[in-house]
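Asker: Sharing a structure here in structure tokens format.
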Amino acid sequence: GQHNDRIYIYLLYFAMAAIALLGTILWSILDRKRTTYETAYYWLTTIVRYYLAFTLFLFALEKFFKMQFPDLGYYTLTQPLGDMSPMSLAWAFFGYSYGYNVFMGLAESAALLLLFRRTTTFGALLTLATLANVMAVNYNYDVHAKMYPTALFVMAFFLLLKDIMRLMKFFFT
């Protein structure tokens, strides 16, 4: 798939981060008189909110219709456990249980809360937790897509930054 990690993907994400950093520095120098970017910030957060909501909902649909983790077939059921790759083992584990697929689909559907400004913070918290689980599986079972869920996680975290002090007070004081 388009999000499978290869050296190309790692270089692509590194290049995007480097270009963003250079753009930030250049913009900051050229536009140093401006003190706020309310309109730009509004549109950036709106685009990120909608992108995350639609992307995670598409992931949820894959879970609801058992497209990502299909039922276990004859080959999987007769393959010796020791011959399975970590990813094949994870896919067999997830493919076994439709209930778990529904649970993960519902967790990913929580990103739909990002479509509404009033529920953005709650939606971003739920999305962050859901993506942390996806990342834990992908990194620890050597699933081929590691950078994409990591980038989505960073986007969800970005949406929480405006409320970070309120969240710290809520959770710790």
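Asker: If you stretched the chain out fully between Leu22 and Lys66, how much longer would it get, using 0.36 nm times the residue separation minus the C-alpha to C-alpha distance?
Answerer: Gain on extension, Leu22 to Lys66, equals 11.6 nm.
Asker: On C-alpha positions alone, give me the angle between the axis of helix 98-109 and the longest principal axis of the chain, in degrees, nearest 10.
Answerer: Approximately 10 degrees, to the nearest ten.
Asker: Next up: Per 5 Å bin, what percent of the C-alpha pairs of the range 36-77 does each bin hold, from zero upward?
Answerer: For the range 36-77, the binned pair fractions read 5, 19, 14, 13, 11, 10, 8, 7, 5, 4, 2, 1, 0 percent.
Asker: Under 10 Å, Cα contacts only: if you run a Gaussian network model on the chain, which one of Leu112, Leu131, Leu81 comes out with the highest mean-square fluctuation?
Answerer: Leu81
Asker: Let me ask something additional. Return, for the Cα atoms of the range 101-173, the radius of gyration and Dmax in Å, separated by a comma.
Answerer: Taking only Cα atoms of the range 101-173, I get Rg and Dmax of 13.1, 40 Å.
Asker: If I build a Gaussian network model for the chain, linking alpha-carbon pairs within less than 10 angstrom, which residue out of Tyr42, Tyr141, Tyr50 has the largest mean-square fluctuation?
Answerer: Looking only at Tyr42, Tyr141, Tyr50, the largest GNM fluctuation is found for Tyr42.
Asker: Separate question: I want to verify a result. In a Gaussian network model of the chain, Cα cutoff 10 Å, which of these has the top mean-square fluctuation: Thr120, Thr24, Thr46?
Answerer: Thr24
Asker: Which entries of Lys33/Lys162; Lys33/Lys169; Lys66/Lys146 show an alpha-carbon separation above 28 angstrom in the structure shown?
Answerer: Lys33/Lys169
Asker: Please state the shape class of the chain: rounded when a/c is under 1.5, otherwise prolate if a/b exceeds b/c and oblate if not, all from the C-alpha gyration tensor.
Answerer: prolate
Asker: When the expected Rg is taken as 2.2 N^0.38 Å, what fraction or multiple of it is the alpha-carbon Rg of the range 56-128?
Answerer: 1.37
Asker: So, one more: Determine the gain in length on full extension of the stretch Arg166-Asp31; use 0.36 nm per residue of separation and subtract their C-alpha separation, reporting nm with one decimal.
Answerer: Value of the extension gain: 45.6 nm.
Asker: So what's the range 1-64 giving for Cα Rg divided by 2.2 N^0.38 Å, two decimals?
Answerer: In units of the globular-protein estimate, the range 1-64 measures up at 1.55.
Asker: Quick check: pseudo-label points 7 Å beyond the Cα along Cα→Cβ at Tyr50 and Asn4, how many nm apart are they?
Answerer: Here the answer is 3.2 nm between the modelled labels.
Asker: Now a separate question. With +1 on each Lys and Arg Cβ and -1 on each Asp and Glu Cβ, how big is the dipole of the chain about its Cα centre, in debye rounded to the nearest 20?
Answerer: 820
A short reminder: the numbers here are calculations on the coordinates, not readings from a lab. Nothing here was measured: the structure is a model prediction, and the numbers come from that model. Cβ: placed from backbone, ideal geometry, glycine included. Neighbour counts: every protein chain shown.
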